[in-house]
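Comments concern the structure below.
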Amino acid sequence: MKYDVLIEDTGEHYACLDSESVLEGMARLGRRGIPLGCRGGGCGVCKVQVTGGEYSRQAMSRQHVDADDLQAGVVLACRISPCSDLCVRVVGKLEKAVCREPGA
């Protein structure tokens, strides 16, 4: 199934299948700097805060996402998949890549 993901910081929307990670869907925006090398939760760069919607998640390193983060909806985009339409805010290092003007 395909869901709509809204990046609140920029107002952009993108489609994301329930069989892919939120990061994989985000990559289709074509932004330079969106981290695609790791995709396994090891680097912790792709942090987002889910502010609305439902998602499934895979295990995440406590080094990058602790219990307080999870409680606040802060997760790694490479380790979650949508189960409904989602609203996310970018957090940390990912903010520079996503929130800059396209083409900048």
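The values are calculated or read from the model by the stated rules, or taken from the named source; none is laboratory data. None of these values were measured; they are calculated from a predicted model. Using ideal geometry, Cβ is built from the backbone for each residue, glycine included, and neighbour counts are taken over all protein chains shown.
Structure data summary
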quantity: Considering residues of the stretch 23-52 that are assigned to a loop (DSSP other than H, G, I, E, B) and in contact with a strand residue (DSSP E or B) (Cβ under 7 Å, 6 or more places away or on another chain) only, the residue modelled with the lowest pLDDT; calculated: GLY41
quantity: All strands (runs of 3 or more DSSP E) inside the stretch 53-104 with 1 or more residues being among the basic types (Lys, Arg) and surrounded by 13 or more Cβ atoms within 10 Å (Cβ to Cβ); calculated: 55-57, 86-90
quantity: Residue match in the stretch 46-61 (condition: within 19 Å of SER84 (Cβ to Cβ) and of a type in the set (Lys, Arg)); calculated: yes
quantity: Pairs, first over 14 Å from ALA97 (Cα atoms) in the stretch 43-55, second surrounded by 18 or more Cβ atoms within 10 Å (Cβ to Cβ) and among the polar types (S, T, N, Q), C-beta under 8 Å, six or more apart; calculated: TYR55/SER81
quantity: CYS16, sole failed condition from (1) in contact with a helix residue (DSSP H, G or I) (Cβ under 6 Å, 6 or more places away or on another chain); (2) at pLDDT below 90; (3) of a type in the set (A, V, I, L, M, F, W, C); (4) crowded, with 16+ Cβ neighbours inside 10 Å; calculated: (2)
quantity: Test for ARG39: is it among the charged types (D, E, K, R) and either in contact (Cβ under 8 Å) with a residue 60 or more places away in the chain or within 12 Å of CYS87 (Cβ to Cβ) (or both); calculated: no
quantity: Hits in the stretch 22-52 - residues which are surrounded by fewer than 15 Cβ atoms within 10 Å (Cβ to Cβ), within 13 Å of the chain's Cα centre (by Cα) and among the small types (Gly, Ala, Ser); calculated: GLY40, GLY52
